[in-house]
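What follows is one structure encoded as structure tokens, with my remarks underneath.
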Amino acid sequence: MLAAAFTLPMAAGAAQAATPDNALVVAQNIDDIVAIDPAQAYEFTSGELVTNIYDRLVQYDAEDPTVLADGLAESWEIDADNKTIVFTLRDGAVFHSGNPVRAEDVAFSLGRVIKLNLTPAFILAQLGWTAENVDEMVTAGDGTVTVKYSGDFSPAFVMNVLAARPASVVDKELVMANEVDGDMGNAWLNSNSAGSGPFKLGLYRPAELVRLEANPDYFKGAPKMKSVLLRHVAESATQQLLLQSGDVDMARNLTPDQVEGLDGDVKVETFPQAAVHFLSFNQKTDSLTPEAVWEAARYLVDYEGMTNSIIKGQMEVHQAFWPKGFPGSYDETPYSYDPAKAKQILEDAGIETPITVDLDVINAAPFTDMAQSLQASFADAGINFEIIPGTGSQVITKYRERSHEAMLLYWGPDFMDPHSNAKAFAYNSDNSDDSYAATTTWRNAWAVPAELNEMTKAALTESDPAKREAMYVELQKRVQEKSPIIIMFQASYQVAMGENVDGYVNGATSDFVYYRLVEKD
């Protein structure tokens with residue numbers, strides 16, 4: 001399971017949590033919530049809520065968030081030649097309202113996302129769906145839903161799209177009963193819920209609290225907790241105090257220093273996350289275009305030094321573009337800090353040093369600390385970074401304009417299919433300035449070799465799952481060996497909780513946070 005966790009031994013002494021036995025109380029910063037309607041939700045906390053309130057035809061679930069499993073559909077038949085998938089719905093699934101989950105609800109929900117065309121709609125629109133054609137592309141039958149798609153896609157890609165957040169199924173009758181001015185219930189769904197998932201929304205007060213109430217009729221069994229209360233606690237130090245005093249069962253936003261300082265009947269579990277952190281070289285900067293500079297850079301990152309100190313518990317060494325823990329990942333880490341080897345690579349290639357490079361970085365921990373580590377380690381081979389700190393928006397704007405020289409940033413997939421990252425790290429068919437693409441390759445002005453572009457397209461269309469995974473592994477090997485983008489780390493996420501809390505699952509993204517199996521002993 002991706003959420004393979006370890007427990008840090010803590011000193012005894014604090015009282016057991018005084019929260020109710022049948023409720024889980026969580027201290028968390030939840031002020032990022034903008035929307036909780038699945039057709040609009042795009043924030044981290046919003047993703048967690050959608051996952052626990054709604055179901056999809058197919059979904060990653062708490063038992064193993066690395067495996068795509070049946071959801072509201074109990075089975076499906078794929079016709080790759082005709083680009084069609086027919087889903088058979090499970091019997092007996094009901095919405096929280098008591099209404100049965102029907103094929104009409106599924107077709108309505110998918111079409112609703114496209115017609116509203118809010119932020120996450122692009123994920124489903126990849127399948128060739130538009131407001132004009134979606135009612136023909138997604139149709140309801142007698143207990144079945146037929147999904148058609150256009151484009152040269154592997155069925156595995158389509159299935160992962162249908163497992164994404166905006167593909168959540170809502171109760172058509174309830175939603176449309178609360179429609180206002182043609183909004184298809186959008187305003188109402190941003191303070192209420194209409195799902196069939198393990199929890200329903202009991203109460204939502206923005207930037208204050210969320211209460212989830214157990215669905216006793218959930219088709220996989222009722223949650224073990226009667227309710228989950230997310231308390232908005234912005235300060236991580238306050239979260240720590242609440243946890244150690246027994247006022248909450250879980251603290252979601254502690255810093256590494258606070259984790260180190262925990263004592264009492266508390267444990268910490270660490271979960272790998274999907275975001276990969278990288279150093280990239282803009283190919284508009286002449287001194288950064290030689291491939292020898294790219295190769296040397298891979299031996300100038302103090303991977304172990306950083307993971308043992310400034311990013312301890314927050315990141316682990318990972319050197320490929322697809323995060324480990326999901327099919328198609330490549331987990332080999334062949335590069336380590338070796339300044340002598342880096343110097344030799346540069347010398348053999350006739351690269352004159354010193355080279356001075358501006359390094360843009362978000363002005364916040366741990367990024368500034370990471371930049372200073374890179375500055376020190378790269379100087380050992382005559383590559384001198386001038387650190388340029390900025391706000392997140394300043395740094396990202398510069399990146400999108402291709403006006404940086406070197407950049408320290410991170411990337412997370414929009415949905416859990418390896419193409420989501422392959423297109424970002426291994427594809428760029430048009431490197432011209434007026435062909436903007438939201439990829440690391442275009443933003444670093446790297447004209448990706450034609451062979452890699454073709455491999456990326458071929459992997460997207462490959463219908464055999466095993467062959468497709470092997471193709472993504474090969475793509476990652478190629479990018480790992482020769483690219484101006486040096487992938488260094490995969491994020492990790494630490495969650496502190498009472499010793500009596502078990503069953504919490506936190507997969508690779510906020511969409512994979514599950515409370516259904518949580519229990520307290």
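Quick notes on this structure:
- Computed from phi, the 3J(HN,Hα) profile of the range 492-505 under the Karplus parametrisation 6.51, -1.76, 1.60 (θ = phi - 60°) reads 10, 10, 9, 10, 9, 8, x, 4, 8, 9, 9, x, 6, 10 Hz, with x in place of Gly and Pro.
- Which listed pairs, of K284/K343; K284/K398; K312/K423; K83/K115; K398/K457; K226/K267, have C-alpha distances above 20 Å, in listed order: K284/K343; K312/K423; K83/K115; K398/K457; K226/K267
- Ranking K200, K343, K520 from most to least accessible surface, computed with a 1.4 Å probe over the protein chains only, gives K343, K200, K520.
- Residue range of the chain that is longest and free of GluC sites (Glu not before Pro) which are both DSSP loop and sparsely packed (at most 14 other C-beta within 10 Å): 353-521
- Rounded to the nearest whole Hz, the Karplus-based 3J(HN,Hα) values (6.51 cos²θ - 1.76 cosθ + 1.60, θ = phi - 60°) of the range 178-186 follow the sequence 10, 6, 9, 6, x, 7, 6, x, 4, with x at glycine and proline.
- Average 1/r across all pairs of distinct alpha carbons in the chain, invert it, and you get the Kirkwood radius: 24.4 Å.
- Per-pair calculated FRET efficiency, R0 = 45 Å: E401 and D257 via Cβ, rounded to 0.05: 0.80
- Estimated inter-spin distance, S150 and D79, nm [label 7 Å along Cα→Cβ]: 1.8 nm
- Rolling a 1.4 Å probe over the protein heavy atoms leaves M176 with an accessible area of roughly 70 Å².
- Hz values of 3J(HN,Hα) by residue in the range 329-343 - Karplus curve (6.51, -1.76, 1.60), Gly and Pro given as x: 6, 10, 9, 6, 10, x, 9, 9, 5, 8, x, 5, 5, 4, 4
- Accessible surface of the range 258-378 [probe 1.4 Å, protein heavy atoms]: carbon and sulfur percent: 42 percent
- Accessible area expressed per residue, the range 131-222, with surrounding protein chains retained (probe 1.4 Å, Å²): 40 Å²
- Exposed-site-free run, longest, the chain (rule: chymotrypsin sites (Phe, Trp or Tyr not before Pro); DSSP loop; at most 14 other C-beta within 10 Å): 7-435
- S287/K482 FRET efficiency (R0 25 Å; Cβ-Cβ; nearest 0.05): 0.90
- Using the Cβ-Cβ distance between S245 and A187 with R0 = 45 Å, the FRET efficiency computed as 1/(1 + (r/R0)^6) comes to roughly 0.70.
- Distances between placed amide hydrogens fall under 5 Å for A275 paired with A491, all partners being 5 or more residues away or on another chain.
- The range 112-228 has equivalent-ellipsoid semi-axes of 28, 18, 14 Å, by the square roots of 5 times the alpha carbon gyration tensor eigenvalues, sorted largest first.
- Taking the protein heavy atoms of the range 437-488 in the context of the full set of protein chains, the accessible area attributed to carbon and sulfur is 54 percent at 1.4 Å.
- Computed on the chain, with alpha-carbon pairs under 8 angstrom and 6+ residues apart, the relative contact order is 22 percent.
- Net length gained if the chain between E63 and T353 were fully extended (0.36 nm per residue, minus Cα distance): 99.1 nm
- Oblate is the label for the range 322-398, because the ratio a/c of its alpha-carbon gyration tensor axes (a ≥ b ≥ c) is 1.5 or higher and a/b is not greater than b/c.
The values are calculated or read from the model by the stated rules, or taken from the named source; none is laboratory data. Source: prediction; values computed, not measured. As a convention, Cβ positions derive from the backbone with ideal geometry for all residues, glycine included, and neighbour counts pool all protein chains shown. Only protein heavy atoms, including side chains, enter the accessible area calculation; ligands, DNA and RNA are left aside. Shrake-Rupley method; radii C 1.70, N 1.55, O 1.52, S 1.80 Å.
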